[in-house]
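What follows is a single structure, written as structure tokens, with notes after it.
The values are calculated or read from the model by the stated rules, or taken from the named source; none is laboratory data. Small disclaimer: the values here were computed from a predicted structure and weren't measured. FYI the Cβ positions are ideal-geometry reconstructions off the backbone, even for glycines, and counts take in every protein chain you see. Just so you know, the surface numbers come from the protein's heavy atoms only, side chains and all, with ligands and any DNA or RNA stripped out. Shrake-Rupley method; radii C 1.70, N 1.55, O 1.52, S 1.80 Å.
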Amino acid sequence: MEPVASGIWKLRLGTPERVTPVSLKEKEILNDRLEKLPPAHSPPICEGEIQFKVTRRGCVIELPLDEEEQIFGFGLQFYSFNQRGLKKQIRVNSDPVADTGDTHAPVPFYISTRGYGVLVDTARYVTFYCGSHTRSRLKPDAIERPTMIIEVPHVQGVDLYFFSGPTMLNAVQRYVLFSGGGCMPPFWGLGVWYRTYALADYNVAYKHASYFRSAHIPCDVFGFEPGWHSHCYSCSYQWDLKKFPNPDQMIRDLNKLSYKVNLWEHVFVHPTAPFWQEIRIFSGNYEVWGGLVPDFTTEAQKIFADYHEKNFLLKGVLGFKLDECDNSDYRPQPWSFPEVTEFPSGIDGEQMHSLLGILYQRTIWSIFLKHNKRTFCQARSSHAIAAPLPFVLYSDLYNHRDYIRALVNSGFSGLLWSPEVRHADSAEDLVRRIQTAVFSPLTLINAFQMKNPPWLQYDIEKNNEDILLENYKELEHTVRRLFELRMSLIPYLYSAFARYYFEGIPPVRALPLEYSDDSETYRIDDEYLLGDSLLIAPLFAGQQSRKVYLPKNTTWYCFWTYRRYEGGRTYEFKADLERIPIFVLEGSLLPLAKPLEFIERNTCFEINAYVFGEKPTKFILFEDDGETYNFEKGLYNLVKLIWDPEKGGEVIREGSYPETKYKIIEWKQVKSP
Ligand code: GAL
């Protein structure tokens, strides 16, 4: 075992492959931050307890497991939470059909309730048997210990990384800090996103954009779907000039309405793309939808990035939605490239499938970094060591419960996931889905199939015939209020992201991450923590009530009524269309801003600070320009909100950022009824 950083060890077994997630890592390990975590003096698993062998199938590793030990992680898992006793082959896929391990973001990283994490540094489709199988006994009365069996196909060896705790959260923090820290979105990225009708032309798009402003519905990001390309499957990366005769002017028009423009695309390069010829020799030997698949570990990265910089970033585009970079196995006509594909760098199709998401994200992020602009984008695939990448995973194919389970699981692997809203079965379903989106890393309405926003008509066919709901004004009002709630959370969420960036604490976390000594939490896959002090319990359409478990040794206040609840118990709450159960941890200060319709360069948030409990811990607002990387050079403030029961509220601003982004208007001491 070789120490690589504070509390992190590497074990090289056999001869690993050249290209792995860690080999592609660009950001430095955040050593100074790791040093601040509780020290760990020896690896969480002894080398002598680890078995390894190379077989004709690849290689096999066995790690000891305790009888009681529970396992979480493996990236964005949709269909299970606690992985103990399960078998997972983690493989990138766009439409997982069962709980086998297929997902948009299969991360070969897990954490254990014993307080450690293990990363298997490979781009292969690894299988984990999480204590599900036992070896034959050598003697009839011998007892075999449970083990974690890990099979990595095709390889002669692999590096394992061990991340110490002592808590599960510390292990995740170490993994994220090892990756280079979490991403820091711009302020506007935390606002509301709307993706417009895929068949929209300039007039329709502009009409939608104007609608939000005239109806005073908050919206920051305006996204175009495939129809903006002159050829979209595969992509030409050029505007369809019949629909959008003057794209540069349109972007300026949208900017004038204070929108940030985001463009849909995928990576498959159509022959009409201006850089097709140039990128051809740096692409794989199979095509997808008639488009080349670039190998972004080669020159292809620069060709693709330069084109995007010149034609989009410099024209005012502030982000992209990187679609279809996962894989297709279950469709009647699988659309992606086969695993046998050969790429110029020597990578094969299996490795490329695992890595395409992160390689693509890096390519796009590089142009924003070059211009010192922060972006927040979407990607449909990711993998290990991805926390620094400013991308949120998405897909529109899931039922609401599976969206939530994925959200709850995402933090175990330091990932961000957006439970996006596409359409709904009823007004109630739409509201429930939007409520979840409001309390997630990215609030996204993906209306690519609809001529009108879904709250005017949630039924796609009627929507596209312009038959609006009779009570659409009511629904519109409810949605406006929900988006306003999102806007009021921006300073709180931004500070949660600062903790992700600096301390490796994911903004969305499952309960066991924070309360690992409460084993009741190991089964809770429909509640999660958002930021430091909120516990969210989503409701699903049709539910008359729901149970909420509050962790042991904690006290909570209902976000809406301020009623106080002791933890260690399950409560039943009646469903209410307007509100989902949300709880604020006793001992917190919650900053809530006056909601704005959008964020601008000079936005200053007017904040009320809510005091929950007698002696709350201070809340630290992260203050900077909200759109560049100047904070990395120290240009930021920590705005400390401090409550003293005798003296009241105090604001201490430390740092060198000259502007004020937060004005504290009022301190409100919450009284339980
Ligand atoms: C899907 C994607 C959707 C939407 C659609 C457009 O693959 O997940 O969100 O963008 O493509 O064709």
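Out of Phe320, Phe337, I need the residue that is in contact with a Cys (Cβ under 6 Å, 6 or more places away or on another chain) and either assigned to a strand (DSSP E or B) or farther than 25 Å from Pro390 by Cα (or both). Which one? Give the steps one after another, and end with the answer.
Details: Phe337 fails: in contact with a Cys (Cβ under 6 Å, 6 or more places away or on another chain).
Going through Phe320, Phe337 in turn, just one is in contact with a Cys (Cβ under 6 Å, 6 or more places away or on another chain) and either assigned to a strand (DSSP E or B) or farther than 25 Å from Pro390 by Cα (or both): Phe320.
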For Leu359, are the conditions met, namely being surrounded by 20 or more Cβ atoms within 10 Å (Cβ to Cβ), in the same structural domain as Gly223 (by TED's automatic domain parsing) and either modelled with pLDDT under 95 or not in a loop (DSSP other than H, G, I, E, B) (or both)?
-> yes
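Are there strands (runs of 3 or more DSSP E) fully within region 610-673 with at least 1 residues that are touching a helix residue (DSSP H, G or I) at 6+ places or on another chain (Cβ under 7 Å)? List them.
Working: elements: 619-623, 637-644, 648-655, 662-669.
Per the criteria, 619-623, 662-669.
Among the residues of region 100-142, which ones are assigned to a loop (DSSP other than H, G, I, E, B) and closer than 21 Å to Asp326 by Cβ?
Kept after step one, since they are assigned to a loop (DSSP other than H, G, I, E, B), are these residues of region 100-142: 100-101, 104-108, 113-115, 122-126, 131-142.
If the condition is that a residue be assigned to a loop (DSSP other than H, G, I, E, B) and closer than 21 Å to Asp326 by Cβ, then Thr100, Gly101, His104, Ala105, Pro106, Val107, Pro108, Thr122, Ala123, Arg124, Tyr125, Val126 are the ones that fit.
Across region 392-410, what is the total count of residues that are open to solvent by less than 10 Å² (accessible area, probe 1.4 Å) and not in a helix (DSSP H, G or I)? First the steps, then the outcome.
Let us first name the residues in region 392-410 that are open to solvent by less than 10 Å² (accessible area, probe 1.4 Å), namely 392-395, 403-404, 406-410.
Within this subset, residues satisfying the condition of being not in a helix (DSSP H, G or I) are 392-395.
So the count comes out to 4.
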Going through region 147-176 in order, the residues found to be surrounded by 17 or more Cβ atoms within 10 Å (Cβ to Cβ) and part of a loop (DSSP other than H, G, I, E, B) are Val155, Gly165, Pro166, Thr167
What helices (runs of 4 or more DSSP H) completely inside region 443-512 contain at least 2 residues that are in contact (Cβ under 8 Å) with a residue 12 or more places away in the chain and within 16 Å of the ligand (Cβ to nearest atom)?
-> 460-464
Meets criteria (touching an Asp or Glu at 6+ places or on another chain (Cβ under 8 Å), farther than 19 Å from Leu393 by Cβ and surrounded by fewer than 24 Cβ atoms within 10 Å (Cβ to Cβ)) for Thr134 | yes
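So, of the residues in region 177-223 that are open to solvent by 10 Å² or more (accessible area, probe 1.4 Å) and not in a helix (DSSP H, G or I), which turns out to be nearest to Glu632 (Cα to Cα)? Walk me through how you get there before you give the answer.
Looking only at region 177-223, we keep the residues that are open to solvent by 10 Å² or more (accessible area, probe 1.4 Å), and these are 188, 197-199, 201-204, 206-207, 210-211, 213-216.
Now narrow it down to the ones that are not in a helix (DSSP H, G or I): 197-199, 201, 215-216.
Numbers: Tyr197: 37, Ala198: 37, Leu199: 40, Asp201: 40, Ala215: 38, His216: 35 Å.
Looking at residues that are open to solvent by 10 Å² or more (accessible area, probe 1.4 Å) and not in a helix (DSSP H, G or I), I get His216.
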Region 209-251, residues that are more than 17 Å from Glu324 (Cα to Cα) and either within 16 Å of the ligand (Cβ to nearest atom) or among the acidic types (Asp, Glu) (or both) | Asp220, Val221, Phe222, Ser230, Asp240, Lys243, Asp248
Name the single residue, out of those in region 513-537 being among the aromatic types (Phe, Trp, Tyr) and not in a helix (DSSP H, G or I), that is most open to solvent (accessible area, probe 1.4 Å).
-> Tyr515
In region 251-272, which residues are within 26 Å of Ile303 (Cβ to Cβ) and part of a helix (DSSP H, G or I)?
-> Ile251
